[in-house]
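Below you'll find the structure, written out as structure tokens, and then a few comments.
The values are calculated or read from the model by the stated rules, or taken from the named source; none is laboratory data. Predicted, not measured: the structure shown is a model, and the values here were computed from it. Please note: Cβ atoms are built from the backbone with ideal geometry, for glycine as well, and neighbour counts cover all protein chains shown. The accessibility values were calculated without ligands, DNA or RNA, using every heavy atom of the protein model including side chains. Shrake-Rupley method; radii C 1.70, N 1.55, O 1.52, S 1.80 Å.
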Amino acid sequence: MTCNDSFPMLVSSEDAASLAAVVTGSVLLPGDSGYDDERAVFNLNHELMPAVIVVVENAADVQAAIAFAAARRRPVLVKATGHQMVGTADDAVMIATRRMNDVTIDAVGRTARVGAGAVWGEVVAAAAKDGLAPLNGSNPTVGVCGYTLGGGLSPTLGRSHGYAADHVRSLEVVTADGELRQVDAHSEPELFWAMLGGKGNFGVVTALEFDVFPVARLYGGGIYFPGERMADVLRAWTAWHPGTPETMISSFAVLRLPPLPALPEPLRGVFSVSLRFAYNGTAVDGERMIAPLRAVGPAILDTVRDMPYSEVASIHDEPTEPLPYYERGVMLREFPAQAQDRLIELVGPESDTTMWIAELRALGGAWDREPAAGNAVATRGLPYSLLGVEVGPLSQEQRLKESVAALLDGMKPWAGDRRLVNNLAPEEAADAAAVYGPERHARLAAVKRTYDPTNMFRINHNVAPAT
Ligand SMILES: Cc1cc2nc3c(=O)[nH]c(=O)nc-3n(C[C@H](O)[C@H](O)[C@H](O)COP(=O)(O)OP(=O)(O)OC[C@H]3O[C@@H](n4cnc5c(N)ncnc54)[C@H](O)[C@@H]3O)c2cc1C
């Protein structure tokens, strides 16, 4: 471990023992057994080195950790899975929520109540037993809490149902003053509005309750074409998807995958383009709908099929084990023919890019509609989300960053004026105003001043308290 342990980063073992005496979970200092496991994150190029880690078991543990941090004026970092960490956190109290992963499905009320540490794979599996489905993301290892507070863009049900944040009924939250609050649209409307989209800026969620929907199966999967066909596939998809019903969600990706044994054999070491579909309707209708795209040409692999919702992660088939990568996203406000040509130049067969994945998700539908209670999700009305992902070790950081920047810079003429906080890179931590737009950001900053005036929760994509 290469922790910078000069004062005031260090927490003394006596101090840690005083915290350990009042929590049910574990308190870990650098060098303790288990410390390295708890600070590990999904991106192997990112390293956390918190001054102390509290592996919490319940809401009272979260309260104790926050009181400890407040008394010592230390920032607090929350980690569920480590999919989107910011900075090294070396002066921070890190709250690790992964043990708080209870999932309870109310099949009659069609709700799920989950602990702060639950991941989507667990909720999808539990809900599927009752023929229900949540608004989960593409990857089963992503944490429910961070994803939902950041908006939560579900590539399987979102176009017909909206953001995951739109369907949260209540949050149980510990705020910077150490109070455990039940937060919903009636009890604490401003805090509820801000947390749903404003993410971890206002407190630590210990549990959340949200709607689940009667969806037991889907017609979905991916069709992979040779990368050389990018222009035909992209143009056919771009012309096709706006005419589809909201129950059909689709996305386009350019893939330069390495020859890894974990990948399906036909995709190993191959340059391909893929169309991903999730249709909440019959297989017969789905098959008829996507027929014009299947007709674009012979596929390398076609996994589109009728599937139980429990297999939904296979549609995007993303890595579930940590890897070294760099990713950044942008929302597009339009994607006309000129933008399509530009994307083909940037990542198509004639380009010299090394990018692993450039993914374009088509949005619209319920993603554009404000929920009744309103929330801070900033991206309504923007029709596409574009993400670039490069994979490689830290020693190649410059190359990875330049490669992703080339994509985003090239697409700048069509970029939207707001962003999805879930797609922000670590170094975009200070960009909150640009992400939310000025009005929404001012309202978030006012809520922050009320609930976290000292900016205890600042190791994130930060909204600073209004002055
Ligand atoms: C492979 C992959 C696929 C993804 N797919 C999607 C997708 O389909 N749709 C989408 O919208 N996003 C997607 N994301 C982005 C994802 O939603 C964000 O990375 C999200 O922040 C992950 O949350 P986490 O809890 O897993 O991560 P963590 O790194 O553990 O947490 C990230 C941040 O979330 C906040 N947070 C987490 N838990 C709490 C809590 N209990 N209280 C308060 N704040 C908390 C904190 O600010 C924390 O810093 C994907 C990310 C990856 C890496």
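Looking only at region 162-178, which residues are over 22 Å from Y436 (Cβ atoms) and either crowded, with 24+ Cβ neighbours inside 10 Å or within 13 Å of the ligand (Cβ to nearest atom) (or both)?
Listed by number, the residues that qualify are E172, V174.
Please pick out the residue among V103, V114 that is open to solvent by 30 Å² or more (accessible area, probe 1.4 Å) and either touching a Gly at 6+ places or on another chain (Cβ under 6 Å) or closer than 22 Å to V173 by Cβ (or both).
The conditions single out V103.
Condition test on M9, is it modelled with pLDDT under 95 and surrounded by fewer than 12 Cβ atoms within 10 Å (Cβ to Cβ)?
Here the answer is no, as M9 does not meet what is asked.
Restricting attention to region 131-159, which residues are within 7 Å of the ligand (Cβ to nearest atom) and assigned to a helix (DSSP H, G or I)?
C145, G146, Y147, L149
Is there a residue being within 16 Å of the ligand (Cβ to nearest atom) and open to solvent by less than 20 Å² (accessible area, probe 1.4 Å) anywhere in region 179-191?
Within region 179-191 (the criterion being within 16 Å of the ligand (Cβ to nearest atom) and open to solvent by less than 20 Å² (accessible area, probe 1.4 Å)), the answer is yes, since at least one residue qualifies.
Consider only pairs whose beta carbons are under 6 Å apart and that are at least six residues apart or on different chains; among these, list those whose first residue lies in region 171-189 and is more than 11 Å from V204 (Cβ to Cβ) and not assigned by TED's automatic domain parsing to the domain that holds P371 and whose second residue is modelled with pLDDT under 95 and of a type outside the set (S, T, N, Q).
Between residues of region 171-189 that are more than 11 Å from V204 (Cβ to Cβ) and not assigned by TED's automatic domain parsing to the domain that holds P371 and residues that are modelled with pLDDT under 95 and of a type outside the set (S, T, N, Q), the close pairs are A185/A373.
Hand me the list of strands (runs of 3 or more DSSP E) wholly inside region 65-128 holding 3 or more residues that are away from the ligand (no atom under 12 Å from the Cβ).
Qualifying strands (runs of 3 or more DSSP E): 103-106, 111-115.
Look at L387 and say whether it is within 19 Å of the chain's Cα centre (by Cα), under 18 Å from F252 (Cβ atoms) and buried (at least 17 other Cβ atoms within 10 Å of the Cβ).
Answer is yes for this residue.
Considering only region 183-239, state which residues are β-branched (V, I, T) and under 23 Å from the mean Cα position of the chain (by Cα).
V183, V204, V205, T206, V212, V215
Counting only residues that are away from the ligand (no atom under 12 Å from the Cβ) and part of a helix (DSSP H, G or I), which one in region 36-60 is nearest to T454 (Cα to Cα)?
So, considering only residues that are away from the ligand (no atom under 12 Å from the Cβ) and part of a helix (DSSP H, G or I), the one nearest to T454 (Cα to Cα) is A60.
Let's see how each residue does on (1) surrounded by 13 or more Cβ atoms within 10 Å (Cβ to Cβ); (2) part of a strand (DSSP E or B); (3) in contact (Cβ under 8 Å) with a residue 60 or more places away in the chain:
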{"site": "I249", "(1), (2), (3)": "yes, yes, yes"}
{"site": "L260", "(1), (2), (3)": "no, no, no"}
{"site": "S272", "(1), (2), (3)": "yes, yes, no"}
{"site": "A313", "(1), (2), (3)": "yes, no, yes"}
{"site": "D317", "(1), (2), (3)": "yes, no, yes"}
{"site": "M331", "(1), (2), (3)": "yes, yes, yes"}
{"site": "R342", "(1), (2), (3)": "yes, no, yes"}
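From the list A128, A70, A40, A80, which one is of a type outside the set (S, T, N, Q), open to solvent by 10 Å² or more (accessible area, probe 1.4 Å) and farther than 20 Å from N460 by Cα?
A128 is the lone residue from the list that is of a type outside the set (S, T, N, Q), open to solvent by 10 Å² or more (accessible area, probe 1.4 Å) and farther than 20 Å from N460 by Cα.
Would you mind stating whether T148 is closer than 23 Å to G198 by Cβ, open to solvent by less than 10 Å² (accessible area, probe 1.4 Å) and of a type outside the set (F, W, Y)?
For T148, the condition - closer than 23 Å to G198 by Cβ, open to solvent by less than 10 Å² (accessible area, probe 1.4 Å) and of a type outside the set (F, W, Y) - is met.
Results for (1) within 16 Å of W356 (Cα to Cα); (2) of a type in the set (A, V, I, L, M, F, W, C); (3) modelled with pLDDT under 95; (4) within 16 Å of the ligand (Cβ to nearest atom), shown as yes or no for each residue.
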{"site": "D232", "(1), (2), (3), (4)": "no, no, no, no"}
{"site": "T238", "(1), (2), (3), (4)": "no, no, no, no"}
{"site": "M248", "(1), (2), (3), (4)": "no, yes, no, no"}
{"site": "P258", "(1), (2), (3), (4)": "yes, no, yes, no"}
{"site": "T282", "(1), (2), (3), (4)": "no, no, no, no"}
{"site": "A295", "(1), (2), (3), (4)": "no, yes, no, no"}
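Which of the strands (runs of 3 or more DSSP E) contained wholly in region 162-234 include at least 3 residues that are closer than 30 Å to R288 by Cα?
Qualifying strands (runs of 3 or more DSSP E): 217-226.
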